[in-house]
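Working notes for the structure below.
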Amino acid sequence: LYAVWAVPVAGLFLLDRDSEDSRVRKSRRAAVVATLILSLLVVAWESATLLPTSPQRRGFRTVYVVGDSVSAGMADPPDRVWPAVMGRDHPVTVVNLAHEGATARSALRQAARIHDAESLVIVEIGGNDLLSGVSSRQFDHDLGELLDAVAAPGRQIVLMELPLPPLCNEYGRVQRRRAREYGAILISKRVFVGVLATRGATVDGVHLSPDGHRLMAERVWNQIAPHIAD
């Protein structure tokens, strides 16, 4: 899709808009139309993923967080990371199982510590897999095993979509397909990116600052609040 979209866009730059040659003018108009149509198709395709997922259950009182250093923090006090902040600021019990450096495979150890059947489980994982060069096929396998370990009658999985660099779309397709397979609520990558892009929210572009943890707690709570018991 990148390649197809790039062709008419390149035409916009290469074709002289002030040319008096009728063929050039027609080609440029065709490039404009093609760019608009392809852009609208991309927007429509992506917008389809924003449709809310109907949860299997509502009224949860306990939330578990399975994740990596984004949720565990980097030498942050345990009561300052976003899961703890969310549990302190809102009427819900939050159990943070996240561990620095965790991958989809190693997070199986976190999943084994979930003992409450009636719970909502937030899975924030995959960044270390991506950065360490794990193939999308292996990530698919490992994420499937992790979600299989988390899934249980009475539980609702919430999967946080990864912000992705260009040409890493397959990771996103894996997450979206697994979310559908397990009936998970998918928190759009826009939520994640919105936090990372906020001034002062990170210490290195990825790991959260104290302000970032508070902001992430607020943004995630807004996504899960309708599924929490009053």
Per residue of the range 173-185, in order, report the coupling 6.51 cos²θ - 1.76 cosθ + 1.60 (Karplus, θ = phi - 60°) as ³J(HN,Hα) in whole Hz, putting x for Gly and Pro.
-> 5, 4, 4, 5, 5, 5, 4, 5, 4, 9, x, 7, 7
Mean residue ellipticity at 222 nm from the helices of the chain, using -39,500 (n - 2.57) per DSSP H segment of n ≥ 4 over the full residue count, to the nearest 500 deg cm²/dmol?
-> -14500 deg cm²/dmol
Got a number for carbon plus sulfur as a percent of the range 117-159's accessible area, 1.4 Å probe?
-> 52
C-alpha long axis of helix 210-224 to longest principal axis of the chain, angle in ° = 90
Could I have the simple spin-label model distance between residue 109 and residue 29, label points 7 Å from Cα toward Cβ, reported in nm to one decimal?
-> 6.6
Antiparallel content of DSSP bridges confined to the chain, in %, to 5 | 5
Along the three principal axes, how long is the range 106-230 when you take its alpha carbons, biggest first, rounded to the nearest angstrom?
-> 41, 41, 24
Here the chain gives, from Cα atoms, an Rg and Dmax in Å of 21.0, 73
Long-range amide H partners of residue 202 with built H, under 5 Å = 209
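The values are calculated or read from the model by the stated rules, or taken from the named source; none is laboratory data. As the structure is a prediction and not an experimental result, all values here were calculated from the model. Here the Cβ is made from the backbone with ideal geometry for all residues, glycine too, and neighbour counts use every protein chain on show. In case anyone asks, the SASA skips ligands and DNA or RNA and just uses the protein heavy atoms, side chains included. Shrake-Rupley method; radii C 1.70, N 1.55, O 1.52, S 1.80 Å.
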